[in-house]
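Reviewing the structure listed below.
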Amino acid sequence: MAKNNNHKAVSYNKWGYIFLIPFVVVYLIFQLVPLISTIYNSFFENYRSGLTQIGPNFVGFANYTKLFQDGEIWIYFKNTMIMWVMGFVPQILFSLLLAAWFSNPSLRLKGQRFFKTVIYLPNLIMASAFAMLFFTLFADGGPINAMLVHAGILKQAYSFFSHAWSARTLVALLNFLMWFGNTTILLMAGMMGIDPALYEAAEVDGATSSQIFRKITLPLLRPILIYVMITSLIGGMQMFDVPQILTNGTGDPMRSTMTLIMYLNKHLFSKNYGMGGALSVCLFIITGVLSLIVFRFNKTKDDGR
């Protein structure tokens, strides 16, 4: 009898592997093969000079050496991280506040469904459309400058895209507006999964709202927070469309808004596949290392608790 049960288990298990086949095939074709191809191309000199095709010639680690000797990769990495932090910090704080409000039944907020829909809507709008809107709003002759001058706040129009920190702030603001709704929904899901009995017990013991949030909500919400941080970090490292459109692909002023993906796009646009492959591999490694640091930090916190 036990033998028949094991046979049935094996026969049922095979369907799990069959259903995994589409995912494995898609992964091999669209992710693993391109990754291996990118690593392979990074060891070759392969670019176009005018109408002349140079390569592909095997050059070993020459592309990587040139990439780090130029030093530009660190400048663009710094730009990327600055704009990501400027957008992520207010995003996570604002999302935590909204999630705490919406998931607290004692507040009895009216129109919750409407507001949840509204805050998520920016996530559905294409980044290119959002960037074009901001480009028009904050142009030298745009409505924002017109209102500020008319209100007497500014004597003359301010060139938002000609100053490094104002341009970076606009990029960060755009990313914040597009993603805070998605983050709020994720945090709300995490908060609603916390046992209400914990909150009731804390209230009986005389804990204040801030103490409940710090001692109960945040610790139990840590897995969701780590997930949000990792996914946001990966998205930040891939930041491209917003600064590309806002600066017309130049990364100005003074390359202060040039990101790593914009730098990669320039190599691919000029058909320098060797340098593009080397930069892609470096970007992959940097993203992996930063993600591991976040996971390690979370593990340390859990061990110390």
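In the context of the full protein assembly, residue 70 retains an accessible surface of approximately 80 Å², using a probe radius of 1.4 Å and ignoring ligands and nucleic acids. Summarising the amide proton neighbourhood of residue 54: residues at separation of 5 or more, or on other chains, whose placed amide H is nearer than 5 Å comprise 47, 48, 49.
Apolar share of the accessible surface for the chain: 68 percent from carbon plus sulfur atoms, 1.4 Å probe. Heavy-atom accessible area, probed at 1.4 angstrom with all protein chains present, ranks 76, 227, 17, 47 as 17, 227, 47, 76, highest first.
Backbone geometry of the range 154-169 corresponds, through the Karplus equation with coefficients 6.51, -1.76 and 1.60 at θ = phi - 60°, to 3J(HN,Hα) couplings of 10, 7, 9, 4, 9, 8, 4, 8, 9, 10, 4, 6, 5, 5, 4, 5 Hz, x marking Gly and Pro. Its Kirkwood hydrodynamic radius, worked out from the mean inverse distance over all distinct Cα pairs, puts the range 67-220 at 18.7 Å.
Helix-only arithmetic for the chain: the sum of -39500 (n - 2.57) across DSSP H runs with n ≥ 4, divided by the residue total, places the mean residue ellipticity at 222 nm at -23000 deg cm²/dmol.
When the Kirkwood radius is taken over all Cα pairs of the range 125-167, what Stokes-Einstein diffusion coefficient follows at 20 °C and 1.002 mPa s, in µm²/s?
On the way: Rh = 10.9 Å.
D, rounded to a whole number, is 196 µm²/s.
Our analysis of the range 1-157 gives Rg over Rh at 1.17, with the two radii drawn from alpha carbon positions and Rh computed by the Kirkwood formula. Binning the C-alpha pair distances of the range 183-305 at 5 Å intervals from 0 yields a P(r) profile of 2, 9, 14, 13, 14, 11, 9, 8, 7, 5, 4, 2, 1, 0 %, listed from the shortest bin outward. Per residue, the range 74-165 exposes 64 Å² of solvent-accessible protein surface, assessed with a 1.4 angstrom probe and all protein chains in place.
Write down Rg/Rh for the chain, rounded to two decimals, with Rg from the C-alpha atoms and Rh from the Kirkwood relation over Cα pairs. Mind dumping the intermediate values first?
Numbers: Rg = 24.9 Å, Rh = 23.3 Å.
Using Cα coordinates only, the ratio equals 1.07.
A simple rule links phi to the HN-Hα coupling: the Karplus curve 6.51 cos²θ - 1.76 cosθ + 1.60 with θ = phi - 60°, which for the range 234-241 gives 5, x, x, 5, 9, 4, 8, 4 Hz, with x for Gly and Pro.
Averaged per residue, what accessible surface does the range 229-300 expose to a 1.4 Å probe, in Å²?
On the way: 3380 Å² over 72 residues.
Counting only protein heavy atoms, the per-residue value for the range 229-300 is 47 Å².
When the charge dipole of the chain is built from unit charges on Cβ atoms (+1 for Lys and Arg, -1 for Asp and Glu) and taken about the Cα centre, the candidate among 174, 125, 275 whose Cα reaches farthest toward its positive end is 125. At the listed q of 0.22 Å⁻¹, the Debye profile of the range 55-127, built from one uniform point per Cα, gives log10 I(q)/I(0) equal to -1.05.
Note on the chain: with a GNM built from Cα contacts shorter than 10 Å, the maximum mean-square fluctuation among 130, 30, 94 falls on 30. Within the listed set 72, 200, 45, the residue fluctuating most in the Gaussian network model of the chain (springs between alpha-carbon atoms under 10 angstrom) is 200.
Give me the Debye-computed log₁₀ of I(q)/I(0) at q = 0.26 Å⁻¹ for the range 137-214, equal point scatterers on Cα only, no solvent, two decimals. Values returned for q = 0.26 Å⁻¹ are -1.15. Near the amide H of residue 44, within less than 5 Å, lie the amide hydrogens of 59, all on another chain or at least 5 residues away, with H placed in the peptide plane. For the range 180-185, 3J(HN,Hα) computed residue by residue from phi via the Karplus equation (6.51, -1.76, 1.60; θ = phi - 60°) reads 5, x, 4, 5, 4, 4 Hz, glycine and proline entered as x.
The values are calculated or read from the model by the stated rules, or taken from the named source; none is laboratory data. If you're wondering where the values come from, they're calculated on a predicted model, not measured in any experiment. Glycine also receives a Cβ, built like all others from the backbone with ideal geometry; neighbour counts cover every protein chain displayed. The accessibility values were calculated without ligands, DNA or RNA, using every heavy atom of the protein model including side chains. Shrake-Rupley method; radii C 1.70, N 1.55, O 1.52, S 1.80 Å.
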